[in-house]
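Student: If you scroll down you'll find the structure; I have some questions about it.
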Amino acid sequence: MRTLIVYVSIHHRNTEKITKAMAEVLGADLVKPWKTEPNELLKYDLIGFGSGIYWWRHHWGLFKLVESLPRMDGKKAFIFSTAGMNIRWYNHRKLKKALRKKGFKVVGEFSCRGWDTNGWLAKIGGLNKGHPNDRDVAEARRFAERLKAKVLNPHAPKSR
Ligand SMILES: Cc1cc2nc3c(=O)[nH]c(=O)nc-3n(C[C@H](O)[C@H](O)[C@H](O)COP(=O)(O)O)c2cc1C
């Protein structure tokens, strides 16, 4: 299974931490959205899209890439993020919609808290200092393991 993870991590490299953990489990290639192009993405069976959450959505670079893509009907994708306020359904909703509009099948989502010193938060040392921590990284690994099993064997009964 060829896997690519497209990610952006600009604030404290919070998302990069979990990206690398997932990439290790999935044997994934890593790329920034502005360093790839549509034909490159077609070579992969599974594509992850992740970044920090900036103003309640993923990084604009991911949207720009997704918008430039041709139809991707049935191509499997997953979404992940780190955020000051880890409200997954809300933070992921716009990217999920953009991916589905292109025909991607979103097969998994992961998110965790990330150290946030945006604006006035810097004055109080930020929110979620120390995150993603070891536990978050372990969660990201478990997510990637479940995802791998699911994509490789979609008809297997769910493990408890
Ligand atoms: C400009 C800016 C805007 C942000 N907006 C939000 C936001 O709307 N919601 C939120 O939960 N966190 C927000 N954050 C916090 C980041 O999502 C969080 O720190 C994330 O872990 C950053 O990931 P990164 O280090 O990979 O860039 C913002 C941070 C920055 C710098």
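Student: Kindly provide the helix-only [θ] at 222 nm of the chain, computed as the sum of -39,500 (n - 2.57) over DSSP H runs of four or more divided by all residues, to the nearest 500 deg cm²/dmol? Don't skip to the end; give the middle numbers.
Tutor: Values: 5 runs with 59 residues, N = 160.
After summing the helix terms and dividing by residue count, I get -11500 deg cm²/dmol.
Student: While we're looking at this one, here's another question. Any idea of the accessible area per residue across the chain, 1.4 Å probe, to the nearest Å²?
Tutor: Values: 9050 Å² over 160 residues.
Per residue, the chain has 57 Å² of solvent-accessible surface.
Student: Just subtract the alpha-carbon distance of TRP55 and MET1 from 0.36 nm times their residue separation and send over the number in nm, one decimal. Mind dumping the intermediate values first?
Tutor: Values: separation 54, 0.36 × 54 = 19.44 nm, distance 3.38 nm.
Once the chain is fully extended between TRP55 and MET1, it gains 16.1 nm.
Student: So, one more: At 1.4 Å probe size, put TYR90, TYR54 in order of accessible surface, largest to smallest. Don't skip to the answer; put the middle values down first.
Tutor: Working: TYR90 75, TYR54 55 Å².
I get TYR90, TYR54, largest accessible area first.
Student: ARG100 to ASP134: extension gain in nm, 0.36 nm per residue of separation minus the Cα-Cα distance? Walk me through the numbers on the way to the answer.
Tutor: On the way: separation 34, 0.36 × 34 = 12.24 nm, distance 3.20 nm.
So the chain would gain 9.0 nm between ARG100 and ASP134.
Student: Mind checking the alpha-carbon convex hull of the chain and giving the volume per residue in Å³?
Tutor: Numbers: hull volume 17.0 nm³, N = 160.
Enclosed volume per residue, from the Cα hull, is 106 Å³.
Student: Starting from the 7 Å offset along Cα-to-Cβ, what nm value, one decimal, do you get for the label separation of LEU30 and GLU145?
Tutor: 2.1 nm
Student: A follow-up question, please. For a protection proxy built on the mean count of beta-carbon atoms within 10 angstrom, sort 65-73, 104-112 highest first, please.
Tutor: Going by the mean number of other Cβ atoms within 10 Å, highest first, we get 104-112, 65-73.
Student: Still on this structure, please answer the following. Defining a contact as two alpha carbons under 8 Å apart and six or more residues distant in sequence, what relative contact order in percent does the chain show? List each step's numbers first, then the result.
Tutor: Details: 287 pairs, mean separation 37.1, N = 160.
This gives 23 percent for the chain.
The values are calculated or read from the model by the stated rules, or taken from the named source; none is laboratory data. Predicted model, so just to flag it, every value in this text is computed and none were measured. Neighbour counts run over all protein chains shown; Cβ positions are idealised from the backbone, glycine included. Each accessible area value is taken on the protein alone, full model and side chains, heavy atoms only, with ligands, DNA and RNA left out. Shrake-Rupley method; radii C 1.70, N 1.55, O 1.52, S 1.80 Å.
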